[in-house]
Amino acid sequence: MNTPITVQYKINAPVEKVWNALTDKNKMKSWYFDIQDFTLEVGKEFNFYEPGEEKKYHHQCHILEIIPNEKLKHTWSYPELSDAVTTVTWELQKEDIGTLVKLTHENVESFEGLGENFSKASFTEGWNKIIGKSMKEYVKK
């Protein structure tokens, strides 16, 4: 049975500010990835690579669901390496002070044959750094 990765952090910023950081491609490149073709619209595809000049690991995603200031759900795949497609769901919950950010990445086990960089442990570590450090620091500014 596949157990999804769930990463959750409370960020001391209004939900609208966190949503804008998550959905504005110009803001995303400051804390997440440089996604030139990102358009916030269900059905749209977006592509990006790991940071660096070598254009490592082509990521391809399709937006599945949008609830403004609450939820962004999209696929996550590596079309040059595998036919496997996983799902990433970002959920934002307004709290008294700040925003609870919850990320769920489903079916990561389908990437296991691609090597250690695609293991569940590697994805968990990556998501914790992205949300718990990069996003948190970015939205505090």
For this session: Would you kindly derive the ³J(HN,Hα) couplings of the stretch 25-39 from the backbone phi angles with the Karplus curve 6.51 cos²θ - 1.76 cosθ + 1.60 (θ = phi - 60°), listing them in order in whole Hz, with x for Gly and Pro?
Result: 4, 6, 7, 3, 5, 7, 9, 10, 10, 8, 10, 4, 9, 6, 10
Exercise. Using only helices, what value at 222 nm comes out for the chain when you add -39,500 (n - 2.57) per DSSP H run of length 4 or more and divide by the total residues, to the nearest 500 deg cm²/dmol?
Worked result: -6000 deg cm²/dmol
For this session: Compute the signed sum of charges (Lys and Arg +1, Asp and Glu -1) over the other residues within less than 14 Å, Cβ to Cβ, of residue 68.
Result: -2
Exercise. Given the C-alpha centroids of the stretch 102-141 and the stretch 1-40, what is the distance between them in whole angstrom?
Worked result: 12
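The stretch 41-118: which GluC sites (Glu not before Pro) are DSSP loop and have at most 16 other beta-carbon atoms within 10 angstrom? Show your work: numbers first, answer last.
On the way: sites: 41, 45, 53, 54, 65, 70, 80, 91, 95, 106, 109, 112, 116; in loops: 41, 53, 54, 70, 80, 95.
Sparse-neighbourhood loop GluC sites (Glu not before Pro): 41, 53, 54, 70, 80, 95.
Of 55/141; 56/133; 17/44, which pairs sit farther than 26 Å apart, going by alpha carbon to alpha carbon?
Numbers: 55/141 29 Å; 56/133 22 Å; 17/44 23 Å.
Listed pairs above 26 Å: 55/141.
Counting other Cβ atoms within 10 Å, which trypsin sites (Lys or Arg not before Pro) in the stretch 1-110 have at most 15 and lie in a DSSP loop? Walk me through the numbers before you get to the answer.
On the way: sites: 10, 17, 25, 27, 29, 44, 55, 56, 71, 73, 94, 102; in loops: 44, 55, 56.
Answer by residue number: 44, 55, 56.
Laboratory data are not the source of any read-out in this text; all were calculated from the coordinates shown. Quick caveat: nothing in here was measured; it's all calculated off a predicted structure. Heads up, the Cβs are rebuilt from the backbone with ideal geometry, glycines too, and the neighbour counts pull from every protein chain shown.
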